[in-house]
Amino acid sequence: MLFSLGKAYYETKQSARALACLSESVKLANETHAQNIIIDDYKLLSELYASQNNFKEAFAYSDKYNHLKDSLFNAESKKKLDALQTYYENEKKEQEIAILNRDKQLKNLQYKQKEEELNNQRLLKYWMFAIALIILLVVAVFYIYSMNRAIKNRHALEKNLNLYMQKALSQQMNPHFIFNTLNSIQFFLLNNDKIASSKYLSKFAKLMRLTLDNSQKQAITLPDEIEALKLYVELEQLRFENKFSFDLQVEFIPDFELINLPPLILQPFVENAIWHGLMHRENVDGGILKINFSSYNNILKCEIEDNGIGREKAREIRQKKKPDHVSWGTKITESRISLINELHKSKLNIKYTDLKDYNNLPIGTKVKIEFPI
C-alpha cells in the first residue's frame, strides 16, 4: 500500500512525500520480510534520488536493489535446483530399478543365447572336424594318385628317353658311316700311307670310344662334347679330302669345364650340315662349316652354320633320289629334346634359320641350339 502511494507521489513529482512513503514501506517490509516489496522500494528510491541528482544515494539504493535481487534469484534458483535434484534422483532410482530389471532379463536371455551358441559351436566343430577329415582323406588319395601317376609318367618318359638314346647311338654309329670310314683307312693302307692311316684309325677309335662312353651317361661335360664333335668333323674332312673347312669357336663361358649337356644331341645337326648342305654344293672345295659356343643369362648357345645349298634345295634332292627317305637323326634328336624338356621341366630349344643373299637365294643354313645351364 505504502509502495503504491509512494509510486503515485513519485509520478506526480511530489518527491518529499514519495520519499517518506517509500522509506516507511522499506521499514515495514523489513519487519515482515517482504523481499519482493523491498526490491521494488529500492528500485524506486534509486530512480527518485537520481531525479534529484543525488547520485550517491541513487547508486547506493541501486546497489542494494541489485544485491537483493541477486540474492532472491539465487535463492529461487537453489530452490528450483533442489526440486530438480529431488526429481532427478527419484527418476534415477526408478530408472536404476528398471535397468536392473532389464539387466536381469537380459542376462537370462544372454545365458540362454550363450548356451545355444555353445551347443551350436560344439555341433559346428563336429561338422568341421568331419568335413576336414573328409577333405584330408580326399587330398591324401588325390596326392597318392597324382604321385603314382607322376612316377608312372616319369618312368615312361625315362623309358622313352632311353629308347631314343639307343636310337641316337645306333644312328650315330650307323653302318654306312663305319663302312665309309674303314674304306678310307683301307685306302690309306693300300697306298702305303701309314701315317695317314694311323692318324685316321686313331681318331676313329677315339670317336667310337667317346661315343660309347657318352651314350652310357645322362649328361656329359661341354669339353667332352666338343672333343667328340671335332673328331667326327675331322674324320669327315679326311673322307672328303678336306673339301670343306672347319671353324670351331668357343667364346668365354664361365665354368666352362663344369657345364653339362645331354649326349648325342649336336652330332646329327653337324652331320646334316655336311651331308645335306656342303656335299651338294657345286663348288665343294669352298664349303665352310662353323660351330660356335657361347653363353648368356645362364643359357649355353651352340650355333652350327654351313654355306651349303640350304634346306629347301636339300629336300628337293632327297625327294628325287630317295622319295621315302626320312632324316631319322634329326627326328630322333628333336624327340629326345621334347622328352628332356618334359622330364626335367627345362627349355632346351632349337631354331633353324635359312641363310639367303641379297637376291633371296639360299646360301646356307644356321641351326641354333640353346641349353639351360
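Residues E370, E334, E271, E236 in ascending order of nearby Cβ atoms (within 10 Å, fewest first): E334, E370, E271, E236. Taking amide H as placed 1.01 Å from N in the peptide plane, the amide H of L289 sits under 5 Å from that of S245, F246, D247, each at least 5 places away or on another chain.
Cross-link pairs exceeding 32 Å in C-alpha to C-alpha distance, out of K69/K93; K243/K320; K230/K351; K290/K321; K199/K321, comprise K69/K93; K199/K321. Provide the net charge surrounding N214, with neighbours chosen by a C-beta distance below 11 Å and charges set as Lys +1, Arg +1, Asp -1, Glu -1. For residues surrounding N214, the net value is -2. Estimated from the Cβ-Cβ distance and a Förster radius of 41 angstrom, the FRET efficiency linking K206 and E316 is about 0.65.
Readers should treat all values here as calculations from the given coordinates under stated rules, not as data from a laboratory. These figures come from a predicted structure and were not determined experimentally. A quick note on method: Cβ atoms are made from the backbone with ideal geometry, for glycine too, and the neighbour counts reach across all protein chains shown.
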